[in-house]
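J.: The structure follows.
The values are calculated or read from the model by the stated rules, or taken from the named source; none is laboratory data. Because the structure is predicted, anything quoted here is derived from the model rather than measured. In this analysis, Cβ positions are derived from the backbone assuming ideal geometry, glycine residues included, and neighbour counts consider all displayed protein chains.
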Amino acid sequence: MVSVKKQCAHCGKSFSVRQYRAIKAKFCSVPCRIAQRVGNRVNTVCIKCGKEFWVKKSRWSSGTVRYCSRSCKNTSQQNQCCSSCQQCGKKIWDSPSAKRKFCSINCELAWRKTRPKPVCSIPNCSRPLYARERCSSHYKRWYNRTTAGKIAQERYWDSERGKRKKSEKHRRWRLSQVGQVWLARYKSSGKEAAKMAKYDKSDNGIMKRYRFRISETGRVLSRRQCQERRARMVGAPGRFSREEWFSVRDFTNGVCPECGVNVGIEKMTIDHIIPLSKGGSNFISNIRAICKSCNSRKRDKILR
């Protein structure tokens, strides 16, 4: 290891020290370090308790060190002032910088419970104070009119939470009495029909209808409407819902009862047991689920 020569800060003697300790090493031995530390300190007496304590020469020469501890300094009559507790009236001896108003935490809690709560400064409003001498509702109205409030509102309504709250608020409004009256007037005016006709001709409307038609719900709805149209043409009574058709279709588990082939639930088609042309009805009791090939081969026959 490389050694470096240094001079002791206390006795002036030259000593060797390793290079990695050259910056911190100041003394040649431990006795020199202790002697230097004691030599830089002065033994003085606390003016409060009379206890002897050591202090640095630089602080002792300034004349500001007169107490051995902070407790002696705080309890000294020379640095204390007398005040009274705002709750119980008890005298408080403490330093002027403390500015204590209560003698204990219990008095402070009791004072907070009994003090009059500030109210809103807006006339004819007695709600509790929130901010800027206003209650929460008046403060929000004032804040939303400011530039910062408008920016904050835009950010909130663009967030996921704001969108959910906005849709829920709109849903509750539509179910209310005012919303029902407004929607009835809006529909009777013809504006909704014109708006929907314009949307259906747009690219978004065309794509939405296409995505619905190729979905499972769209295919089922199309088949059911086709059967209802045929029933109306021949004058057959009855109709069935989507849930009723799903229960009949799911009962087969995707297996055709005619050919026994598992074609899947999605590929099952609507078949009238007694055809509409032979006087059959369009009720769910006259409906069964078979595959497309068997339905086409059956045509208007009555299978036993």
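J.: Which one of Pro118, Pro128 is in contact with a Leu (Cβ under 9 Å, 6 or more places away or on another chain) and either loosely packed, with under 13 Cβ neighbours inside 10 Å or without any contact (Cβ under 8 Å) to a residue 12 or more places away in the chain (or both)? Spell out the reasoning first.
T.: Details: Pro128 fails: in contact with a Leu (Cβ under 9 Å, 6 or more places away or on another chain).
On inspection, the qualifying residue turns out to be Pro118.
J.: Which number in (1) within 29 Å of the chain's Cα centre (by Cα); (2) surrounded by 12 or more Cβ atoms within 10 Å (Cβ to Cβ); (3) of a type outside the set (A, V, I, L, M, F, W, C) marks the one condition that Lys169 misses?
T.: Checking Lys169 against (1) within 29 Å of the chain's Cα centre (by Cα); (2) surrounded by 12 or more Cβ atoms within 10 Å (Cβ to Cβ); (3) of a type outside the set (A, V, I, L, M, F, W, C), the one that fails is (2).
J.: Name every residue in the stretch 19-40 that is more than 59 Å from the chain's Cα centre (by Cα) and either farther than 30 Å from Tyr67 by Cβ or among the basic types (Lys, Arg) (or both), in order of residue number. Show your work before the answer.
T.: Restricting attention to the stretch 19-40, the residues satisfying the condition of being more than 59 Å from the chain's Cα centre (by Cα) are 27-36, 38-40.
Selection gives Phe27, Cys28, Ser29, Val30, Pro31, Cys32, Arg33.
J.: Please tell me if Ala35 is surrounded by 11 or more Cβ atoms within 10 Å (Cβ to Cβ) and in contact with a strand residue (DSSP E or B) (Cβ under 7 Å, 6 or more places away or on another chain).
T.: On the way: surrounded by 11 or more Cβ atoms within 10 Å (Cβ to Cβ): yes; in contact with a strand residue (DSSP E or B) (Cβ under 7 Å, 6 or more places away or on another chain): no.
So Ala35 fails the test.
J.: Right, another one. Within the stretch 7-20, identify whether any single residue is without any contact (Cβ under 8 Å) to a residue 60 or more places away in the chain, farther than 30 Å from Cys72 by Cβ and among the charged types (D, E, K, R), and answer yes or no.
T.: Looking only at the stretch 7-20, we keep the residues that are without any contact (Cβ under 8 Å) to a residue 60 or more places away in the chain, and these are 7-20.
After this cut, where a residue has to be farther than 30 Å from Cys72 by Cβ as well, the list is 7-20.
Next, from what is left, pick out any that are among the charged types (D, E, K, R): 13, 18.
Yes, the conditions are met somewhere in the stretch 7-20.
J.: Just name the residue that is farthest from the chain's Cα centre (by Cα) out of those in the stretch 111-157 that are of a type in the set (A, V, I, L, M, F, W, C) and part of a helix (DSSP H, G or I). Before the answer, list the steps.
T.: Of all residues in the stretch 111-157, those of a type in the set (A, V, I, L, M, F, W, C) come to 111, 119-120, 122, 125, 129, 131, 135, 142, 148, 151-152, 157.
Still in the list and also part of a helix (DSSP H, G or I): 111, 142, 148, 151-152, 157.
On the way: Trp111: 35, Trp142: 24, Ala148: 21, Ile151: 19, Ala152: 15, Trp157: 14 Å.
Among those residues, the one meeting the criterion is Trp111.
J.: Ser136 versus (1) in contact with a Lys or Arg (Cβ under 8 Å, 6 or more places away or on another chain); (2) assigned by TED's automatic domain parsing to the domain that holds Gln86: which is the lone unmet condition?
T.: All conditions pass for Ser136, except number (2).
J.: Another question, then. Only one of (1) among the small types (Gly, Ala, Ser); (2) within 30 Å of Lys73 (Cβ to Cβ); (3) outside the structural domain of Gln86 (by TED's automatic domain parsing) fails for Gly149. Which number is that?
T.: Single failed check for Gly149: (2).
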